[in-house]
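Comments concern the structure below.
The values are calculated or read from the model by the stated rules, or taken from the named source; none is laboratory data. Nothing here was measured: the structure is a model prediction, and the numbers come from that model. No Cβ is skipped: glycine too gets one built from the backbone with ideal geometry, and neighbour counts run over all protein chains shown.
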Amino acid sequence: MKKEDKVKVIASISEIIKEYAHFYLVDVTAMDSAATNAMRAKCYKQEVKMLVVKNTLLKKALQASEVDFSQLDVCLKGTTALLLCNTANVPAKLIKDVAGKAEIPALKGAYAEES
């Protein structure tokens with residue numbers, strides 16, 4: 001990916017993060033495409049935006065933010081999906097519902113209620 005493209009993606013992710021009050025970082029490594037698509041559909045129904053992002057680009061977008069997200073840096077390993085919403089507990093309930101006993105997807109970290 002060209003540097004200009006990366007800058008655009010980082011800016012786009014930053015803008016999306018600013019639009020939502022809360023977000024969750026979720027590990028979707030073990031999910032196949034059918035499971036991921038099913039999860040996207042559930043997210044859409046519950047007004048949760050789901051983005052699968054590159055960790056380095058997400059880290060740069062978080063660093064460019066006015067809020068200090070440095071504590072989430074340790075969570076940015078493996079395949080990361082970003083679940084964004086304006087109601088703090090909706091993504092947590094969604095993850096619990098989708099994961100069930102398999103615990104996939106797994107919660108990596110979250111930014112909810114300004115912490």
Query raised in the report: Do you know which of the residues in the stretch 94-115 that are hydrophobic (A, V, I, L, M, F, W, C) and within 11 Å of the chain's Cα centre (by Cα) is surrounded by the most Cβ atoms within 10 Å (Cβ to Cβ)?
Result: A110
Report summary line: If we keep only residues of the stretch 74-93 that are more than 18 Å from T29 (Cβ to Cβ) and not polar (S, T, N, Q), then the residue surrounded by the most Cβ atoms within 10 Å (Cβ to Cβ) is C85
Query raised in the report: Of the residues in the stretch 27-86, how many are modelled with pLDDT of 90 or more and at positive phi?
Result: 1
Report task. Out of the residues in the stretch 98-114 that are part of a loop (DSSP other than H, G, I, E, B) and at pLDDT below 75, state the one that is farthest from C43 (Cα to Cα). Result -> E114
